[in-house]
Amino acid sequence: MLTQPFSEQETSDIIDRFHRDGYAVVRNVLSAEECAHLRGLTDEIASRPSVQAASKGWFVVREPEKEDIAFAQLFIREPIYSLVQQILGPECRFCGQNVIRNRPGEAVSNWHVDDCNKLEHPLPPEIPRWPAGARLPLIWLSVQVSLTDIQTLDDGPTEIVPGSHYSGRLPDVDNLVFEGRGVEPIYCRAGDIYLFNHQTWHRGRPNTGTKTRYLMQLQYARGDSLAFRCSVAEPNPAFNQVLAGADPRLVEVMTGRAKYV
């Protein structure tokens, strides 16, 4: 279990991998006990009317942060928070949370980029790719937190084409290769995380095993008014109660408005 920021060199190595490949795995961030607790909470709150309404009958449990402080607290958990700040800036903000709880036979299995398959940095046909080594600006990103072991293809891992965020194009399901690299699964143990660039071609491989897959998504946006994704959690009596007495940094990350205009 990790609870402190990484060293400057370790942080730099992780961020370099993230920008190069479109993702970076960090091992053993949460303990087995934390993962079991969060899975149990997910199952319990999934039956609540407010969560069922937000999830609309889908296998994605939406807005768990509004139900229990244990979910919200992860947004300032180290070393997650400091890594995200290195990418999005020190004023990064909450912009969403959910737990993908897909049983056997369930998955978001179509190849896509996030936000309704919209490119943020498209290129015309005559330009083959963005320059190697460029750090394309990100409006938001996800931190995927594996709450169960995802160690085989049957477990339904996230599949990704590394580096494809540099393509400036949507995925072509007939040619899922970018500069010689094809589809690769992201294997994790419970408690591992991976920083994820949502513009990289990806999908959830269908869960064909016998276990339910639990994958939590922590979504952060840049904390400025240009970041359309910076839509912080709206305070309401129930959420205010969840945050009552919480660390002021957490309240700011979850509900603070954009710093810049």
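The values are calculated or read from the model by the stated rules, or taken from the named source; none is laboratory data. Source: prediction; values computed, not measured. Because the Cβ atoms are built from the backbone with ideal geometry, glycine has one as well, and the counts that use them run over all protein chains shown.
A few notes on this one:
- Among the residues of region 238-252, the ones that are free of Cβ contacts under 8 Å to residues at least 12 places away in the same chain and under 16 Å from GLU91 (Cβ atoms) come to 3 in all.
- ASP172 out of contact with any helix residue (DSSP H, G or I) (no Cβ under 9 Å at 6 or more places or on another chain) and more than 20 Å from GLU120 (Cα to Cα): no
- Among the residues of region 58-75, those identified as within 17 Å of VAL253 (Cβ to Cβ), crowded, with 19+ Cβ neighbours inside 10 Å and among the aliphatic types (A, V, I, L, M) are ALA72, LEU74.
- Where a residue in region 89-107 is more than 22 Å from ARG203 (Cβ to Cβ) and part of a loop (DSSP other than H, G, I, E, B) and its partner, wherever it lies, is of a type outside the set (A, V, I, L, M, F, W, C) and modelled with pLDDT of 90 or more, with Cβ under 7 Å and at least six apart: CYS92/GLN85; CYS92/TYR220
- Filtered by the rule that a residue be of a type in the set (Gly, Ala, Ser), in a loop (DSSP other than H, G, I, E, B) and at pLDDT 80 or above, region 231-261 gives ALA244, GLY245, ALA246, GLY256.
- The listed residue being more than 22 Å from ASP114 (Cβ to Cβ), hydroxyl-bearing (Ser, Thr, Tyr), within 18 Å of the chain's Cα centre (by Cα) and surrounded by 13 or more Cβ atoms within 10 Å (Cβ to Cβ), out of SER55, SER82, SER31: SER82
- From the options PRO137, PRO131, PRO122, PRO104, residue that is in contact with a Ser or Thr (Cβ under 9 Å, 6 or more places away or on another chain) and not aliphatic (A, V, I, L, M): PRO104
- Residue, nearest to ARG135 (Cα to Cα), within region 15-41, restricted to residues that are in a helix (DSSP H, G or I) and in contact with a Leu (Cβ under 6 Å, 6 or more places away or on another chain): PHE18
- Test: residue in region 59-73 that is farther than 21 Å from PHE94 by Cβ and not basic (Lys, Arg): yes
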